[in-house]
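Notes follow the structure.
Rule-based calculations on the coordinates, nothing more; no lab input. What you see is a predicted model, and the numbers here were worked out from it, not measured in a lab. Here the Cβ is made from the backbone with ideal geometry for all residues, glycine too, and neighbour counts use every protein chain on show.
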Amino acid sequence: LGAVPVAVHGYVSFERYGLAEGSVSETAGNQMEVKALDENTVTVLNGSCTEYYLRVVVIGPGDDGSGGSGSGGAGGAFNVGGAGGS
């Protein structure tokens, strides 16, 4: 990452490729619990009793979140795998 994130956003879907196959929603409650973050890692936990696919978007200092070549953003398919872990 290179710097401590200023924001961490989560999106969940019951389908592996999100909008390409179904729908996507922002996480709420304990669907994505941020347990730790520093300049090297972001550790999240699925605190719910439901399995789903999770997409994590990390925004770094000075990053506008547009998904460019900066430290944050989120390009590509919704393919960050499974539930129940970090």
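The string of couplings for segment 44-49 from the Karplus curve (6.51, -1.76, 1.60, θ = phi - 60°) is 10, 9, 7, x, 8, 9 Hz, one whole number per residue in order, with x for Gly and Pro.
Working note: Karplus 6.51/-1.76/1.60 with θ = phi - 60° gives segment 22-36 the couplings x, 9, 9, 10, 5, 5, 9, x, 9, 5, 9, 9, 7, 8, 6 Hz, where Gly and Pro are set to x. Apply 1/(1 + (r/R0)^6) to the Cβ-Cβ distance of residue 14 and residue 39, taking R0 = 30 Å, and write down the FRET efficiency to the nearest 0.05. Efficiency for this residue pair is about 0.35.
Distant-in-sequence amide contacts of residue 44, defined by a placed amide H-H separation under 5 Å and a gap of 5 or more residues or a different chain, comprise 35.
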